Amino acid sequence: MVSIKTDREIRIMKEGGHILAAILKKIQNAVSPGTTTLELDSLATDLCSKYKVKPAFLGYHGYPAVLCASVNNVIVHGIPNNTPLRCGDILGIDMGIKHKGYYTDAAISVSVGSANRDVSRLLHATKEALSAGILAAKAGAHIGDVGAAIAEVALKYKLGIVRELSGHGIGHELQEDPAVPNFGQKGTGLALKRGMTIAIEPMFSLGKPQTKVLKDNWSVGIADGSIGTHFEHTVLVEERFGIVLTR
């Protein structure tokens, strides 16, 4: 069941979104060659305590960490570990928090050191696709409009669209209805209404887009081993376009 948030609920989610954005920025600033994702997870834990918010992922269906830290061909749900990051790695950082009873969720992908031309194209395109999806998330539009806007960017840059994973509703729970795929047909799917809150999260690959679950039973990798990137914002559906709550 899709929920419409009240003005009070939106205000709380916006507060939480600002906190989450601040935390992610501090984590991003700590990324460098030699740093481990476990160290980043520890920083995220400390920042949750500092900002007095609850990490949303820790314990969710048994997930063992605060961050999802996904390196190179791992597109989502990478478990933090003690392997040092290397120059040229691509790191996806995904995090959710619970603030005053309401959830927000966001993700970024960053290059550890410099990125080559293909990876730079991939990073740029995935960010551009997120912006396109946000602009399409307006009252009166449909879920298919959001997916079509995202897929159009992938097509322009000749990238693979991960279809086995999607965005989702968010707010009262970490994951709510509706599903928000990264592909679709304009004018189809659920009609969007003002006050809906959704997590839009394009995921693209340099190679084929099919995925597989890895040996830890959490990490989802691009099946052909190619690099994947993932960006995400929690978005409020408004009259003219979506409003980012995790800016």
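Every number in this text was worked out from the coordinates using simple rules, so none of it is lab data. Keep in mind it's a predicted model, so treat the numbers as computed, not measured. Backbone-built Cβ (ideal geometry, glycine too); neighbour counts: all protein chains shown.
Here the Karplus curve 6.51 cos²θ - 1.76 cosθ + 1.60, taken at θ = phi - 60°, turns the phi angles of the stretch 79-89 into couplings of 7, x, 8, 8, 6, x, 6, 10, 4, x, 5 Hz, with x standing for Gly and Pro. The simple Förster model, with R0 at 30 Å and r as the Cβ-Cβ distance, assigns L135 and K50 a FRET efficiency of 0.35. Label point of D216 set 7 angstrom out along Cα-Cβ; within the stretch 1-42, amide nitrogens under 17 Å from it belong to 34-42. Enclosing the Cα atoms of the stretch 96-154 in their convex hull gives a volume equal to 96 cubic angstrom per residue.
Cross-link pairs exceeding 19 Å between alpha carbons, from the set K98/K212; K156/K212; K14/K54; K138/K186; K98/K193; K26/K100: K98/K212; K156/K212; K98/K193; K26/K100.
The length gained on full extension between E238 and T36, counted as 0.36 nm times the residue separation minus their Cα-Cα distance, comes to 68.8 nm. Across the stretch 7-244, Cα-Cα pairs farther apart than 29 Å form 23% of the total. Cβ crowding within 10 Å, taken as a proxy for footprinting-reagent exposure, orders E128, E152 from fewest neighbours to most as E152, E128. Model label sites at R117 and A179, defined 7 Å from Cα along the beta-carbon direction, differ in position by 3.8 nm. Packing, as the average of other Cβ atoms within 10 Å across residues, places the peptides 155-164, 133-142, 211-220 in the order 133-142, 155-164, 211-220, highest first.
A crude spin-label estimate for the pair L190 and Y60, with each label 7 Å from Cα along the Cβ direction, gives 1.6 nm.
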